[in-house]
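The next block holds one structure in the form of structure tokens; read it before the comments.
Bear in mind these aren't lab numbers, they're just calculated from the coordinates by the rules spelled out. Just so we're clear, the structure is a prediction, and the values are computed from it rather than from any experiment. As a convention, Cβ positions derive from the backbone with ideal geometry for all residues, glycine included, and neighbour counts pool all protein chains shown.
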Amino acid sequence: MKNEILYLLLDSYADHESVFLAEAINCDENGIRKKPQYINKVVAQTLSPIRSCGGFRTIPDYSFDTVPDEYAALILIGGYGWLDEKTTDKVVPIVKKAIDKGIIVGAICNAASFLAKYGFLNNVKHTGNGLEQLKLWGGNNYTNQAGYINEQTVSDKRIVTSNGTGELEFAKELLLLLENDTPEQIEMFYRFNKEGFCTLFP
């Protein structure tokens, strides 16, 4: 479905990196959205439950073999599974197809380093877990060191990258691209979670 947001999770994925985005997609300030604009779905290598870094088990909606052709965004959540080349090699065609179709792609933490490793960051401004990690993972395939920006999150040409502590900024940039709410509402969502209740409502 064109309104699905696909979160691609590998074994030992980082729990915290998807929560702000997924919550904002499914909820507003009043609770669960009655008519959400988008639907959150999980993709994993198989349909077997996948375990997070924190030990939570998640049941995928799609396997790598059953990813739909049409969807709104592909979100690559970081974690230790991106160190397994046998698995990540299978992700490459999924990402390439999404980028070729102009689908929004987000990658956070080690998933951003994965994009560098396979040359997906060579034509976009980007960030990640530091330039040195991108160079280490990317090797000769990473040719866009000049495009690296040392920020929590960078959005360029429908590709959003983030370091592993930028989950809130990551969510904000993706929500803006998706036009999930008005820019004012998205900014308030960001400030509320960044600054806290007591700061905004003393």
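Overview of results
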item: Calculated FRET value between L177 and Q133, using beta carbons and R₀ = 30 Å, to 0.05; result: 0.75
item: Under Karplus coefficients 6.51, -1.76 and 1.60, residue-wise ³J(HN,Hα) of the range 167-184 in Hz, glycine/proline x; result: 4, 6, 5, 4, 4, 4, 5, 5, 4, 5, 4, 7, 6, 5, 9, 5, x, 5
item: Within the chain, longest stretch clear of exposed GluC sites (Glu not before Pro) (DSSP loop, no more than 12 other Cβ within 10 Å); result: 71-178
item: Cα-based Rg and Dmax for the range 4-200, where Dmax is the largest Cα-Cα distance (Å); result: 16.0, 49
item: Relative contact order for the chain, counting Cα pairs under 8 Å that sit 6 or more residues apart, in percent; result: 19 percent
item: Estimated [θ] at 222 nm from DSSP helical runs (n ≥ 4, -39500 (n - 2.57)) normalised by residues in the chain, nearest 500; result: -10500 deg cm²/dmol
item: Per-pair calculated FRET efficiency, R0 = 25 Å: E23 and K90 via Cβ, rounded to 0.05; result: 0.30
item: Beta bridges by DSSP in the chain, antiparallel share as percent, to the nearest 5; result: 30 percent
item: Candidates Q37, Q152, Q45, ranked by Gaussian network fluctuation over the chain, Cα under 10 Å, top entry; result: Q37
